Amino acid sequence: MTVVAFAVNYSTPLASFGGEPLKILAATKALGRRRAVGSVVAFRLLHALAHVTAFLLALIPAAIMLPKTPLTLGGILLTGLALGGITVFLFSRHREGLAIHLLGILKKTPLLKRLAVKLEPRTTALHEIDEHVTAIYTLNPRRFYAAFGYEMVGRLLALAEYWIILWGMGLGVDPWKALVVGSFSSLVVNIFIFIPFELGSKELALVSMFQWIGITPALGLEVAALSRMRELVWIAIGWTLIWTVG
C-alpha cells in the first residue's frame, strides 16, 4: 500500500494525494469504508506532523550555518513561526478531527459554500470519520506517540540519504549540513506539492542550498539526480505492483 501510494503520488499532478484513494480501497476490505478513510487521514496528519517537526529541528543548525544576514535570519524566524503554527494545527486535528472542521471552513468561504451544502447531508458520516481519525490519540496516547516516534525516525533516515550522497561525493560527513540541505529541499518540494515528480523544485532548492552553505551550486544538480534515481526505482516498483497485484 505504501509503495503503490508513493508511486502514484510522485508521478501524478494531484498534490501528492493521488495514491491515498488506493490506500482506502485496500484498507476497506479489513476496516470498512469509513474506518479506512479515517485511518488514511490520520496517517497523513501524523506524516505531516513528523515532516513539520523535522523542519523545525533543522532550523537550529540552519541558523548557525547560514550567513548571518538580516534577510536570512528573518526568513528563518518567519519560517519557524509558520511551522510552529502548522504544528499546533496538526496536533489539534488529532484531538478534534478534520472533516467537520473543513466543512465549517467551506461554509465560511464564499466560492465553496455550494460544496458545503452538498456535504451537509453527510454530516453524520463525517462525524464518524473524525471519530476514527482521533481514536488513536484519544483512546491510546502511547500508541499515538509511538507512531509519531516511528515517523520521526523514518523522516531522519530519509534525510540521511543526503548525508550518504554528500559523503560519496567527497563533500564531508557533516550530519548537520546534510540535515539542513535535506530539510530545506523537502520544504521547497512540499510548497510546490502540485508539481508531478517535483520537476525543477528539488533542483532549485538544492542549488540554492549549496550556494548558501558554500558548496559549488552545480553539485546540487548531481545530488538531485542521485536522489531521483532512488525515487524512479521505487516508482517503477509501485506501478509494477499496481499492474500485477491489482
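The values are calculated or read from the model by the stated rules, or taken from the named source; none is laboratory data. Here the structure is a predicted model, which means the values were calculated and not measured. Cβ sites come from the backbone with ideal geometry, for glycine too, and all protein chains shown count toward neighbours. Note: areas computed on protein heavy atoms with side chains; ligands, DNA, RNA excluded. Shrake-Rupley method; radii C 1.70, N 1.55, O 1.52, S 1.80 Å.
Take the alpha-carbon centre of the range 65-126, take the same for the range 171-246, and report the distance between them in whole Å.
Using only Cα atoms to place each centre, the spacing works out to 26 Å.
Is the C-alpha gyration tensor of the range 115-203 telling us rounded, prolate or oblate? Criteria: a/c under 1.5 is rounded; beyond that, a/b larger than b/c is prolate, otherwise oblate. Don't jump to the answer; show the numbers that get you there.
Details: a/c = 5.22, a/b = 1.78, b/c = 2.94.
Cα axes put the range 115-203 in the oblate bin.
Given the Cα-Cα distance of PHE17 and LEU156 and 0.36 nm per residue of separation, how much length would full extension add, in nm?
Working: separation 139, 0.36 × 139 = 50.04 nm, distance 2.22 nm.
Length difference between fully extended and current span is 47.8 nm.
Any chance you could give the angle, 0 to 90 degrees and rounded to 10, that helix 20-31 forms with the longest Cα principal axis of the chain?
50 degrees
What accessible surface, in Å², does a 1.4 Å probe find on TYR137, ignoring ligands, DNA and RNA and rounding to the nearest 10?
Counting only protein heavy atoms, the figure is 40 Å².
Could you size up the charge dipole of the chain around its Cα centre, putting +1 on the beta carbon of Lys and Arg and -1 on that of Asp and Glu, and report it in debye to the nearest 20? Can you show the working numbers first?
Numbers: 22 positive and 13 negative charges, 171 e Å.
It works out to roughly 820 debye.
How much mean residue ellipticity at 222 nm does the chain get from its helices, if each DSSP H run of length 4 or more adds -39500 (n - 2.57) and you divide by all residues, to the nearest 500 deg cm²/dmol? Walk me through the intermediate numbers first.
On the way: 11 runs with 200 residues, N = 246.
Rounded to the nearest 500, it is -27500 deg cm²/dmol.
For the range 12-147, which whole-number percentage of the solvent-accessible area (1.4 Å probe, protein heavy atoms only) is attributable to carbon and sulfur atoms?
Working: 5620 of 8090 Å².
C and S fraction of accessible area: 69 percent.
Note down the nm distance, to one decimal, between modelled labels 7 Å out along Cα→Cβ at ARG114 and at LEU199.
3.1 nm
Which one, LEU219, ILE191, PHE89, projects farthest toward the positive side of the charge dipole computed for the chain from Cβ point charges (K/R +1, D/E -1)?
PHE89
Could you work out the relative contact order of the chain? I mean the mean sequence separation of Cα pairs under 8 Å and 6+ apart, divided by the number of residues, in percent.
On the way: 254 pairs, mean separation 69.7, N = 246.
It rounds to 28 percent for the chain.
Determine the shape class of the range 74-123: with a ≥ b ≥ c the square roots of the Cα gyration tensor eigenvalues, call it rounded for a/c under 1.5, and otherwise prolate if a/b is greater than b/c, oblate otherwise.
Values: a/c = 6.14, a/b = 1.98, b/c = 3.10.
Here the range 74-123 falls in the oblate category.
Roughly what angle does helix 99-108 make with the longest principal axis of the chain, taking Cα atoms, 0 to 90 degrees, to the nearest 10?
For helix 99-108, the angle is close to 90 degrees.
Indicate the gyration tensor shape class of the range 20-121 (rounded, prolate or oblate), computed on the Cα atoms with a ≥ b ≥ c the square roots of the eigenvalues: a/c under 1.5 is rounded; otherwise a/b larger than b/c is prolate and the rest oblate. Each step should come with its number before you reach the end.
Numbers: a/c = 3.47, a/b = 1.76, b/c = 1.97.
Judged from the Cα gyration tensor, the range 20-121 comes out oblate (a/c at least 1.5, b/c at or above a/b).
Rounded to the nearest 0.05, what FRET efficiency do ILE100 and ILE164 give with R0 = 35 Å and r taken as the Cβ-Cβ distance? Could you check?
Details: r = 44 Å, r/R0 = 1.24.
That gives a FRET efficiency of 0.20.
Counting heavy atoms of the protein chains only and a 1.4 Å probe, report the per residue accessible area for the chain as a whole number of Å².
On the way: 13930 Å² over 246 residues.
The answer is 57 Å² per residue.
To the nearest 20 debye, what charge dipole does the range 81-164 have about its Cα centre, counting +1 at the Cβ of each Lys and Arg and -1 at the Cβ of each Asp and Glu?
The calculated dipole for the range 81-164 is roughly 340 debye.
What are the ³J(HN,Hα) couplings of the range 57-65, residue after residue, when phi is run through the Karplus curve with 6.51, -1.76, 1.60 and θ = phi - 60°? Round to Hz, x for glycine and proline.
For the range 57-65, the Karplus curve yields 4, 5, 5, 5, x, 4, 5, 7, 8 Hz.
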